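Below: the structure, in structure tokens.
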Amino acid sequence: MTPAARRHVVDVSIGAAYEHRVDQSLLDLCVRETLASRRLRSPRIVGVAVTDSQRVRRLNRRWRGEDEATDVLSFNTDFPGLARPDGALELGEIVIALPVAARGARARGVELADELALLTAHGVLHLLGYDHETPSEDLHMRELERTALARAGRPQAAR
């Protein structure tokens, strides 16, 4: 892990049904290295929750108006002035639906760990304000994902 990545605070929560399928340290590393790749001036706090499709579907319906489970959702909490005494800024929460991620891994022909690494980096980039609504935004976000995943030792996870 790079020195810059050590400054960030990451809280990974994995649903009990999925603990045996998810490497918590990989998700932590992907968050830290994605943040470090953006050369942020102050440390950030990010939560990652790995859960079931039903929870993600409910969140997606409530907050995005889409009644379906998606692979990853990002909820930004980066409000001005919201910082801990150590100077770390709350960035937000990433929620991953493991069953949807597993289907995505099979469809892409990659390991589940690689899919989770990609979704984690993707979610962090959304928290940082990046999007993929236009072709140029999509290309830029994929480049940022590749950089972050290479830093995390998972270049094969990139799309």
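The table for this structure:
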| item | result |
| --- | --- |
| Among the candidates I45, I14, residue that is modelled with pLDDT of 95 or more and of a type outside the set (D, E, K, R) | I14 |
| Criterion violated by Y18 - all others in (1) part of a loop (DSSP other than H, G, I, E, B); (2) in contact (Cβ under 8 Å) with a residue 60 or more places away in the chain; (3) among the hydroxyl-bearing types (S, T, Y) satisfied | (1) |
| Of all residues in the stretch 130-159 being without any contact (Cβ under 8 Å) to a residue 12 or more places away in the chain and not in a helix (DSSP H, G or I), the one that is farthest from V72 (Cα to Cα) | T134 |
| Qualifying positions in the stretch 83-129 - assigned to a helix (DSSP H, G or I) and free of Cβ contacts under 8 Å to residues at least 12 places away in the same chain | R103, A105, R106, A107 |
| Qualifying residues in the stretch 122-159 (those that are small (G, A, S) and under 14 Å from the mean Cα position of the chain (by Cα)) - the one nearest to D28 (Cα to Cα) | A152 |
| Given (1) surrounded by fewer than 16 Cβ atoms within 10 Å (Cβ to Cβ); (2) modelled with pLDDT of 95 or more, index of the condition T134 fails | (2) |
| The lone exception for S42 - which of (1) assigned to a loop (DSSP other than H, G, I, E, B); (2) in contact with a helix residue (DSSP H, G or I) (Cβ under 6 Å, 6 or more places away or on another chain); (3) of a type in the set (S, T, N, Q) it fails | (2) |
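The values are calculated or read from the model by the stated rules, or taken from the named source; none is laboratory data. Computed from a predicted model, the values in this text were never measured in an experiment. Every residue, glycine as well, gets a Cβ built from its backbone with ideal geometry; the counts of neighbours run over all protein chains shown.
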